[in-house]
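Here is the structure we will look at.
The values are calculated or read from the model by the stated rules, or taken from the named source; none is laboratory data. What you are looking at is a predicted structure, and each value in this text was computed from that prediction instead of being measured. Here the Cβ positions follow ideal geometry from the backbone for every residue, glycine too, while neighbour counts run over all protein chains shown.
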Amino acid sequence: MTTKLVAGALVLSAALLGGPSLALGQGDSMAGMSGMDMGHEIVIPKGAEYTKADVEFMQGMIAHHAQAIVMSRMAESHGANPQVLKLSTKIDQSQVPEIRIMQVWLRSNNQFAPDTASWHTVRMSGMLTDAQLTELDASKGVAFDRAYLRMMIQHHAGALQMVSDLFNAPNAGQEVNVNTFANDVATSQTTEIGIMERLYKELPAE
């Protein structure tokens, strides 16, 4: 079910944004986890129910979420319309506690838990480039709405690619907490992509 959900959302976001390269932004469609370099060796204890891919997913998603929060906190000061502001606030308020969940899971398994500054050096699938962040920060009003929605759809599509890559990795995504969290990410971000696609289409023509 998750694989079909993710695949459908990726197709829809790619269609709106002009193709897979725009939807994912960074890297190819099978490299959702390729931007990671935490500088800490991952050692999986014998008999552990989780895998290296599970650890990499949680570490990488912390950086991914952290950048989404930075993007969303621009909305109010950049003149976002009320609907975009409401959505950006929801993304901010939902992803802060999700970062804490990931950090707690990593620490409880004696793995390195990055902080929210990790988005500066770790670039996962769909994350914005420095040039895109500059473009977003320079925009105001309707131009901000358009850029934010387009870039956050790209960002969410990247998170869905990370989930897909997790479940495609051997034995990964089976540990109960990782499985639940990854499925929750897929469900919530697929829903939000649908909302953003609608809001994007409702914006005034350029």
* Asked: Among M38, M71, M58, which is the only one that is at pLDDT 95 or above and over 20 Å from F167 (Cα atoms)?
  -> M71
* Restricting the stretch 140-156 to residues that are more than 16 Å from the chain's Cα centre (by Cα) and at negative phi, the residue that is surrounded by the most Cβ atoms within 10 Å (Cβ to Cβ) -> D145
* May I ask you to verify whether A159 is small (G, A, S) and surrounded by fewer than 20 Cβ atoms within 10 Å (Cβ to Cβ)? => no
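Criterion first (surrounded by fewer than 21 Cβ atoms within 10 Å (Cβ to Cβ) and either among the β-branched types (V, I, T) or at pLDDT 95 or above (or both)) does D137 satisfy it?
Considered against the rule, which asks whether it is surrounded by fewer than 21 Cβ atoms within 10 Å (Cβ to Cβ) and either among the β-branched types (V, I, T) or at pLDDT 95 or above (or both), D137 comes out as yes.
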* Does the stretch 152-165 contain at least one residue that is more than 30 Å from N81 (Cβ to Cβ), among the acidic types (D, E) and assigned to a helix (DSSP H, G or I)? -> yes
* Please go through the stretch 109-130 and pick out each residue that is farther than 24 Å from P45 by Cβ and among the small types (G, A, S). => A117, S125, G126
* Asked: Of all residues in the stretch 162-191, how many are closer than 30 Å to T134 by Cβ, surrounded by fewer than 21 Cβ atoms within 10 Å (Cβ to Cβ) and either touching a Cys at 6+ places or on another chain (Cβ under 8 Å) or touching a residue at least 40 places away in the same chain (Cβ under 8 Å) (or both)?
  -> 1
* To do: Residue by residue through the stretch 96-134, note down the ones that are among the aromatic types (F, W, Y) and surrounded by 18 or more Cβ atoms within 10 Å (Cβ to Cβ).
  => W105, W119
* Out of (1) assigned to a helix (DSSP H, G or I); (2) at positive phi, what's the single condition that is false for E192? -> (2)
